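What follows draws every value from the coordinates through simple rules; no lab data is involved. Keep in mind the model is a prediction, meaning the values are calculated, not measured. Here Cβ is always computed from backbone atoms with ideal geometry, including for glycine, and neighbour counts include all displayed protein chains.
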Amino acid sequence: MADLKASQNTSISQIKSVLDIMQRASDGYLYIFDLTDDVYLIPERLKERFAFDDVRIENCSKAIQKVIYPSDYKNLVEDIARCASGEQDIHDMEYRWVDRENRVIWISCRGTIVVDADGHRLLVGKISEIGKKAKADNVTGLRREVRFRLNAEEILRDRPESIRYCMRIGIDNFKEINEKDGTEAGDMVLFELSKCIMDTVPEEVDVYRLVADEFMIMDAFSETDVNPEVIYNIIKVKVEQKVKQKDYSRFYTISAGVLDKNFVGMKSEDIMMLSEFALNEAKRNGRNQMVTFNQDDYDIYLEHLNIRKELRMDISNNFRGFQIYYQPIVDAESFQIIGAEALLRWNSQKFGNISPVIMIPIMEESGLIIPVGRYVLWEAAKMCRKWRETVPNFHINVNLSYVQVHKSDLMSDVQQCMKEVGISPDSIVLELTESGCIETDNRTRELFKRLKENQVNLAIDDFGTGYSNMRYLKEIEAKTVKLDRSFVLQALNNEYDYKLICHLIDMIHCLGSTVCMEGIEYEHELEKMKKAGPDMIQGYLFGKPCPAEEFENTHLNRKALA
Ligand code: C2E
Ligand code: MG
Ligand code: MG
């Protein structure tokens, strides 16, 4: 109250002149609201921005109604009434106004009651536009995600067609920088990148810092179309220069996901979601690049999510809809059956039969391949024990995913399976795909060594489709190498490839491994490829993959009769 008394010698015009001076240095709007006379004195800038007729507004309580967002009006009037009656001396509210373009603007309005020389209760204070005010992120000085959402929401509602593009930028190895050099170094990188972005985009274009290492550029101001790729490339070059300037002591690259059309009908949440998808695609494609959102890719992604959900449900429902098919593997000389490959099938209630080529990558991504891989191993081991009664050295090949190799305790799974089912380890051949397992680190090498020491046989699958065949051969020292069908097909149609396959088979033999040729479908193929000298053959000519019972009837019982 002491302050109020002290101001009682001050006139409204004196206060006004002080405010006019201060206004020049303020980013907000300074005002005086004479509650006694219901007169509102505002700066010129506020009049221009909102639908006021003058800088002096008589009958303010009524006049202000046209700039206040309707549902916020009642609360405001009540608060002002408490100030006018003397019940409170401070006004502090965040609420919405509507600007001359009919856009909703969040404002923060703060004021203090001053009683002037005439005994009028004056509310003196400042209005700030929350959306404009950089609620600064201390590291980059940019506005944060909440603000992005508010602003985007407003633009999407009022003028969605004016959005040229939204670009979400992420640092590819931010976690690594934080872990290796500390969070201070991480902050420096964020600051540096925010500067590169700000120096690239025009001043009116909004830039926000989202979570952790991600930024969002929203261009809703450019008059003409802008090519976001050009913007991205300029930022990228600037980042490269910065990294070079610091002698590569803090190396990082950036990826970006861009939305460049169809903003009509979107919500800010859609921009967040779809730009995140595009950015993740850029990272999945190898980082250090920009990806523009593509609806078809997104639909496939959503479908895969649905498939994953169904897979998860069926797996937890005791592997409902899963089945193992078996395809015969025959001796290349006698054509006698010596084994089978276990191939996974899934008949989903919702999606029907889904090819392993689609479902296996989905299960790998989600880790579901680990329980499913165990299921295949156990089922195959049980069948093998049974079928060995007919064919004593029968073996079953089981496909292994790199995820099982890297992320599960394969050795103990195999040991436990052999023990529980009661078969010897050499009944099972574990097939490793060449491309999936290519990262042979020390741990993996150790695992392969232990498997071999325990008499578990390894085969290299799909040989000829990958890009590092020879190295892989040397590292795994597999018992068997399976030549992929595409490789075999090339050899069937091209003499050079045929010779190559002949030499390759010789070489694999020299290394002490056997060769299984995959994908032989016809007699003439067999005739030609047999001369190349494989040890085993697998292909439709000798049988397509089929359920265990059919396999027994078609391949085993017939053999028993023979
Ligand atoms: P893969 O391990 O190379 O299996 C051989 C694939 O070639 C099988 O396809 C088989 O049906 C097919 N095939 C065999 N002979 C012929 C032929 O003469 N002509 C033609 N056109 N195709 C032939 P499938 O069953 O669709 O499996 C595809 C791939 O899915 C497998 O390739 C394997 O990489 C993966 N896969 C299947 N089951 C499992 C599993 O239990 N675990 C893991 N990790 N992967 C599996
Ligand atoms: Mg295989
Ligand atoms: Mg194969």
Least to most buried among M363, M418 (fewest other Cβ within 10 Å first):
M418, M363
Tell me whether segment 1-108 comes out rounded, prolate or oblate; compute the Cα gyration tensor, take square roots of the eigenvalues as a ≥ b ≥ c, and use a/c under 1.5 as the rounded threshold.
oblate
Per its Cα gyration tensor (rounded if a/c is under 1.5, else prolate when a/b beats b/c, else oblate), segment 204-244 is best filed as oblate
Among the lysines, which fall within straight-line cross-link reach of K309, defined as a Cα-Cα distance under 24 Å, with same-chain neighbours fewer than 8 residues apart omitted?
K283, K350, K407
Only helices counted: for the chain, with every DSSP H run of 4 or more residues adding -39500 (n - 2.57) and the sum spread over all residues, [θ] at 222 nm is -13500 deg cm²/dmol
For segment 220-360, the Cα gyration tensor yields equivalent-ellipsoid semi-axes (√(5λ), largest first, whole Å) of 45, 24, 13
Run the paramagnetic zone check for M313: 7 angstrom along Cα to Cβ, then residues of segment 343-370 with backbone nitrogen under 12 Å.
348-352
Which trypsin sites (Lys or Arg not before Pro) from segment 293-341 combine a DSSP loop assignment with at most 15 other Cβ atoms within 10 Å?
R320
Residues R320 and K474, FRET efficiency given R0 of 51 Å [Cβ-Cβ distance, rounded to 0.05]
0.75
Under the definition of Cα pairs under 8 Å and six or more residues apart, what whole-number percent is the relative contact order of segment 377-461?
34
So if we plug the beta-carbon distance of N285 and N102 into 1/(1 + (r/R0)^6) with R0 = 41 Å, what FRET efficiency do we get, rounded to 0.05?
0.45
Which distance in nm do the two modelled labels at V146 and T224 give, with both placed 7 Å along the Cα-to-Cβ direction?
4.0
Order by neighbour count: M273, M411, M218, fewest other Cβ atoms within 10 Å first, most last.
M273, M411, M218
Pairs of alpha-carbon atoms within less than 8 angstrom and 6+ residues apart define the contacts here; what relative contact order does segment 20-147 have, in percent?
23
Would you mind putting 263-271, 325-333 in packing order, based on average other-beta-carbon counts within 10 Å, highest first?
325-333, 263-271
Note the angle between two axes, namely the Cα long axis of helix 495-510 and the longest principal axis of the Cα atoms of the chain, as a number of degrees from 0 to 90, rounded to the nearest 10.
80
Per 0.36 nm of contour for each residue apart, how much would the distance between S162 and L511 grow if the chain were fully extended, relative to their Cα-Cα spacing?
119.0 nm
Report the calculated FRET efficiency for Q336 and D299 (r = Cβ-Cβ distance, R0 = 51 Å), to the nearest 0.05.
0.60
Antiparallel DSSP bridges in the chain: what percent, to the nearest 5?
70
Once R345 and E203 are pulled to full extension, the length gained, defined as 0.36 nm per residue separation minus their Cα-Cα distance, is 45.4 nm
If we sort 189-199, 79-89 on the protection proxy, mean other Cβ atoms within 10 Å, highest first, what's the order?
189-199, 79-89
22 Å Cα-Cα reach of K246 towards lysines, excluding residues that sit fewer than 8 places from it in its own chain:
K175, K180, K195, K236, K238
How high is the relative contact order of the chain? Use alpha-carbon pairs under 8 Å, at least six apart in sequence, and give a whole percent.
8
Rounded, prolate or oblate for segment 114-237? Axes are the square roots of the Cα gyration tensor eigenvalues, ordered a ≥ b ≥ c, and the cut-off for rounded is a/c under 1.5.
oblate
By the scheme Lys and Arg +1, Asp and Glu -1, what is the net charge of all other residues having a beta-carbon under 13 Å from that of E310?
+3
Report the charge-dipole magnitude of the chain in Debye, nearest 20, computed about the Cα centre from +1 at each Lys and Arg Cβ and -1 at each Asp and Glu Cβ.
860
In this model, which of K449/K482; K16/K126; K452/K528; K419/K482; K419/K452; K449/K499 are farther than 23 Å apart at the alpha-carbon?
K452/K528; K419/K482; K449/K499
How far apart, in nm, are two points set 7 Å out from the Cα along the Cα-to-Cβ line at D37 and at N454?
9.3
